[in-house]
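Please read the structure below before turning to the comments.
The values are calculated or read from the model by the stated rules, or taken from the named source; none is laboratory data. Everything quoted here is computed from the prediction, not taken from an experiment. Cβ: placed from backbone, ideal geometry, glycine included. Neighbour counts: every protein chain shown. Ligands, DNA and RNA are stripped out before the accessible areas are found, and what is left, the full protein with its side chains, is counted by its heavy atoms. Shrake-Rupley method; radii C 1.70, N 1.55, O 1.52, S 1.80 Å.
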Amino acid sequence: MPNPEDIADQLLDHKTSLNVDGLLDAVIALYNDCNIPVIKRTQNIDAFLQRNQSSITHLENHRLKCSDFDSIKVIGRGAFGEVRLVRQKVSRKVYALKLLNKNEMLRRADTAFFWEERDIMAYSESKWIVRLHYAFQDTTHLYMVMEYMPGGDVANLMLNYEISVEWAKFYVAELVLALDVLHSRGYIHRDVKPDNILISSTGHIKLADFGSCVKIGDDGFARCSSAVGTPDYISPEMLEQQGTEGIYGKELDWWSVGILLYELLIGDPPFYADSIPHTYARIMNHSTNLFFPEDIQVSDAAKDLIQRFLSDAKVRLGRNGIQEVKNHRFFKNEKWTFDNIQHSTPPYVPTLNGDDDTSHFEDFEDQTEADIANSFSSPKAFTGNQLPFIGFTYSNELGPIAALKSTVLT
Ligand SMILES: CN(C)[C@H]1CCc2nc(NC(=O)c3cccc([C@H]4CCCN4C(=O)Nc4cccc(C#N)c4)c3)sc2C1
């Protein structure tokens, strides 16, 4: 007879697929995948729907849902969805709510990339990584309720401010520490760029947007054939291994740090070109394509660090661990060290008027309900469209079940 506590622990442990949220996802997914006119004609299915309708409706009304939040403003947009600043009606707290459109993901058969993002933000417990408070879903979207970063992203900062060497030094140093945490959790980011570095209300940064992350194997390598990332920031080894069974290490992210440092100091990424294939050609020939403009003053230390990041993976700085990066003379300064930078005063602290100030984000027009427009007409058979998303729901608060456990087991 299994120890009752083991089962109760599993039901409550949001790291197992057996937990309560995962089981409720499964029941609701089955119900919604059966709830289409064509297959209701099957007696067993219609009876199943009739018998469970009220409890499913009750569940959907009592689990976290979109209408629990007031939408304030769209603050970001990505390939499969957008991010909105929202306020939770009951708690009055503001969050960044990321929506991913299930129909888009199903249409492109791209229904697995969000697991790393969910797990990294839910379990990293690091001040360098944007935190996930809840994840929930309905028949059309996945939702991630994340901490709001009112300072906006570094891309927006670069648009509005001339970045000094001191600022660049500070942001790159914090980025180095953030990547070290992500790497030590066993992930490669693969899409490090200014848009994915967010600024908190105190001016410190956090990493965001982990959709392109990949797990590092025990041998220290990640295997993934699809080249992901943003053209200007893609590393040469990612381009070389395009389409093959790519093998990369953590040094892939250090390349992007070199690109970022160059762009912060110079204003444009080093291998920018008028077309993507031309940019890729310049990246592939980086050793003869890296130039520093004559008219922009860049210290020798900065040039040296950039060159050490923008080199072949085999000799790239950071390949032998983070210490060789921290020791580089570019980071020498009087204000902070890598050990105390999180407690130092950042060079730029955003001015904010209220907890819902979105002035540090650019404006996005409200997407017409195009989502509904491209939603599928109801399928002609059981398609299992909800199955890929079972187990996504997450909440780190001790839900009602945990309360039950504490009474039952005390
Ligand atoms: C090809 N396959 C394999 C996959 C490769 C990885 C991947 N990532 C996707 N990602 C998206 O579709 C998506 C949706 C909304 C926002 C964002 C980001 C990009 C713009 C801002 N953003 C974001 O996450 N912002 C964010 C995050 C956390 C806190 C705050 C705040 N405040 C803001 C991305 S779709 C997709 C396909």
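For this structure, a couple of remarks:
- Subset of the range 195-242 (residues that are open to solvent by less than 60 Å² (accessible area, probe 1.4 Å), away from the ligand (no atom under 14 Å from the Cβ) and part of a loop (DSSP other than H, G, I, E, B)): GLY203, ILE216, GLY217, GLY220, SER235, GLN241
- Pair list, Cβ under 9 Å, 6 or more apart: the range 158-175 residue under 13 Å from PRO346 (Cβ atoms) and small (Gly, Ala, Ser), other residue assigned to a helix (DSSP H, G or I) and open to solvent by less than 20 Å² (accessible area, probe 1.4 Å): ALA168/LEU260; ALA168/LEU261; ALA168/LEU264; ALA168/ALA302; ALA173/PHE331; ALA173/ILE341
- Here the range 72-95 is the region considered, the condition is being within 8 Å of the ligand (Cβ to nearest atom) and outside any strand (DSSP E or B), and the residue that is most open to solvent (accessible area, probe 1.4 Å) is ALA79.
- Residues satisfying the stated conditions in the range 122-140, i.e. of a type in the set (A, V, I, L, M) and not in a loop (DSSP other than H, G, I, E, B): ALA122, ILE129, LEU132, ALA135
- The range 83-115, residues that are in contact (Cβ under 8 Å) with a residue 40 or more places away in the chain and of a type in the set (Ser, Thr, Tyr): TYR95, THR111
- Residue match in the range 33-47 (condition: part of a helix (DSSP H, G or I), under 19 Å from THR140 (Cβ atoms) and of a type in the set (A, V, I, L, M)): no
- Taken over the range 168-191, the criterion of being under 17 Å from LEU261 (Cβ atoms) and out of contact with any strand residue (DSSP E or B) (no Cβ under 8 Å at 6 or more places or on another chain) is satisfied by ALA168, LYS169, PHE170, VAL172, ALA173, VAL176, LEU177, ASP180, ASP191.
- Residue count for the range 181-190 under the criterion of being touching a residue at least 60 places away in the same chain (Cβ under 8 Å) and not aromatic (Phe, Trp, Tyr): the result is 6.
- Condition check for SER54: in a helix (DSSP H, G or I), open to solvent by 60 Å² or more (accessible area, probe 1.4 Å) and among the small types (Gly, Ala, Ser): yes
- Of all the criteria given as (1) at pLDDT 95 or above; (2) under 25 Å from ASP300 (Cα atoms), the one not satisfied by LEU198 is (2).
- Members of the range 96-109 that are surrounded by 15 or more Cβ atoms within 10 Å (Cβ to Cβ) and among the charged types (D, E, K, R): LYS98, LYS102, GLU104
- For the range 125-140, the set of residues classified as open to solvent by 10 Å² or more (accessible area, probe 1.4 Å) and either under 21 Å from PHE361 (Cα atoms) or within 13 Å of the ligand (Cβ to nearest atom) (or both) consists of TRP128, ARG131, HIS133, listed by residue number.
- Applying the condition of being away from the ligand (no atom under 16 Å from the Cβ) and surrounded by 14 or more Cβ atoms within 10 Å (Cβ to Cβ) to the range 57-69 and asking which residue is farthest from the chain's Cα centre (by Cα) yields LEU59.
- Taking residues in the range 217-244 that are over 23 Å from GLY321 (Cα atoms), and partners anywhere that are among the charged types (D, E, K, R) and surrounded by fewer than 13 Cβ atoms within 10 Å (Cβ to Cβ), the pairs with Cβ atoms closer than 7 Å and at least 6 places apart or on different chains are SER225/GLU245.
Residues are listed down the side, and each one gets a yes or a no for (1) within 12 Å of the ligand (Cβ to nearest atom); (2) assigned to a strand (DSSP E or B); (3) modelled with pLDDT under 95:
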position: LEU97; (1), (2), (3): yes, yes, no
position: LEU100; (1), (2), (3): yes, yes, no
position: ALA112; (1), (2), (3): yes, no, yes
position: ILE120; (1), (2), (3): yes, no, no
position: LEU142; (1), (2), (3): yes, yes, no
position: VAL145; (1), (2), (3): yes, yes, no
position: MET149; (1), (2), (3): yes, no, no
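- Residue list for the range 182-194, filter: assigned to a helix (DSSP H, G or I) and more than 16 Å from the ligand (Cβ to nearest atom): HIS183, SER184
- Only one of the numbered conditions (1) of a type in the set (Asp, Glu); (2) out of contact with any strand residue (DSSP E or B) (no Cβ under 7 Å at 6 or more places or on another chain); (3) not in a helix (DSSP H, G or I) is violated by GLU104, and that is (3).
- Residue check, LEU182 closer than 14 Å to ILE120 by Cβ and at pLDDT 95 or above: yes
- Qualifying position, being of a type in the set (Asp, Glu) and either open to solvent by less than 40 Å² (accessible area, probe 1.4 Å) or within 13 Å of the ligand (Cβ to nearest atom) (or both), among GLU174, GLU162: GLU174
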